[in-house]
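Inspection log for the structure reproduced underneath, given as structure tokens.
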Amino acid sequence: MTETDVNDEILYTVEDGIGTITLNRPQARNALTFAMYERIAEICRDPAAHGDPRVIVMTGAGDKAFAAGTDIAQFRAFESAEDALAYEERIEKVMGAIERCPVPTLAAISGAVTGGGAGIALACDLRIATVTARFGFPIARTLGNCLSMENYARLYAMLGPARVKDIVFTARLVEAEEGRQIGLYGELLPDHAALMQRAGELARTIAGHAPLTMRATKEAMRRLTAATAEGLDGRDLVTLCYTSADFREGMEAFLGKRTPNWTGR
């Protein structure tokens, strides 16, 4: 079974109980459009209606990037706090759909996994990567925005506060071996071909196990992570960053391939 979206930016196949979602914009380092986010969420919300896989593998086309985040050109339409809050709410629904997906999800990562792409990888149950993988949220040197409270909670739960601050404050990308050591990746593979072969092997192993055990464990881990952000409102932080002159400057500088001039306003 094979499904594609209208623009072929998301490829989806199901074979032998394994669903594979491929982010298919290699010319843009698989940067995510809103339509791509929605397609991922659609599949994850109801895998039974999309070939009924027992496990879903997510990967990026080519070996340069899993996904380099949200396509920044889309932010040019932002004019108000409501636009920023609606964006974060929209993206959180996608991350929530991945976490609540009734079957296990495995991110197979080559190259850059940043911004929204890193968010998707965090929302997946398992992650394996090539030795070229580089993970991070370099927003402090690109857009000057912030993460949602839910994404901060995911990072906090996986890495702890000190590492989250290190990664965000320095805007550095975590190299593959460090990522393995700190628990981002279960395994490292030498290249993209080996990665996809191992992803298939791991997916087949998981697909052969008790589905209710998988589902219960997924939901238990989701609830524990969600409890970190429960009752915490980060809308003021999103509004602070996304409505700032710095955010507009960061976006235009990024698209214009120049260094932003931060003012803190």
Of all helices (runs of 4 or more DSSP H) completely enclosed by the range 73-167, which ones contain at least 1 residues that are closer than 13 Å to residue 179 by Cα and in contact (Cβ under 8 Å) with a residue 12 or more places away in the chain? 116-123, 149-159
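Grab the helices (runs of 4 or more DSSP H) fully contained in the range 174-265, keeping just those with 2 or more residues being acidic (Asp, Glu) and within 22 Å of the chain's Cα centre (by Cα). Don't jump to the end; show me each part of the working.
Details: elements: 176-181, 192-207, 211-229, 235-242, 245-255.
Hits in the range 174-265: 176-181.
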Only one of these conditions is not met by residue 61: (1) small (Gly, Ala, Ser); (2) over 19 Å from the mean Cα position of the chain (by Cα); (3) within 19 Å of residue 107 (Cα to Cα). Which number is it? (2)
So in the range 1-44, with the set limited to residues that are assigned to a loop (DSSP other than H, G, I, E, B), of a type in the set (A, V, I, L, M) and surrounded by fewer than 20 Cβ atoms within 10 Å (Cβ to Cβ), which one is modelled with the lowest pLDDT? 6
Just to check your reading of the model, which residue among 59, 70 is buried (at least 21 other Cβ atoms within 10 Å of the Cβ), closer than 23 Å to residue 202 by Cα, touching a residue at least 12 places away in the same chain (Cβ under 8 Å) and polar (S, T, N, Q)? 59
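Picking from 191, 125, which residue would you name as being crowded, with 20+ Cβ neighbours inside 10 Å, in contact with a strand residue (DSSP E or B) (Cβ under 7 Å, 6 or more places away or on another chain), farther than 29 Å from residue 261 by Cβ and not hydroxyl-bearing (Ser, Thr, Tyr)? Lay out the reasoning, then the answer.
Numbers: 191 fails: crowded, with 20+ Cβ neighbours inside 10 Å.
Just a single option satisfies the conditions, and that option is 125.
The values are calculated or read from the model by the stated rules, or taken from the named source; none is laboratory data. Keep in mind that what you see is a predicted model, and the values were worked out from it rather than measured. Backbone-built Cβ (ideal geometry, glycine too); neighbour counts: all protein chains shown.
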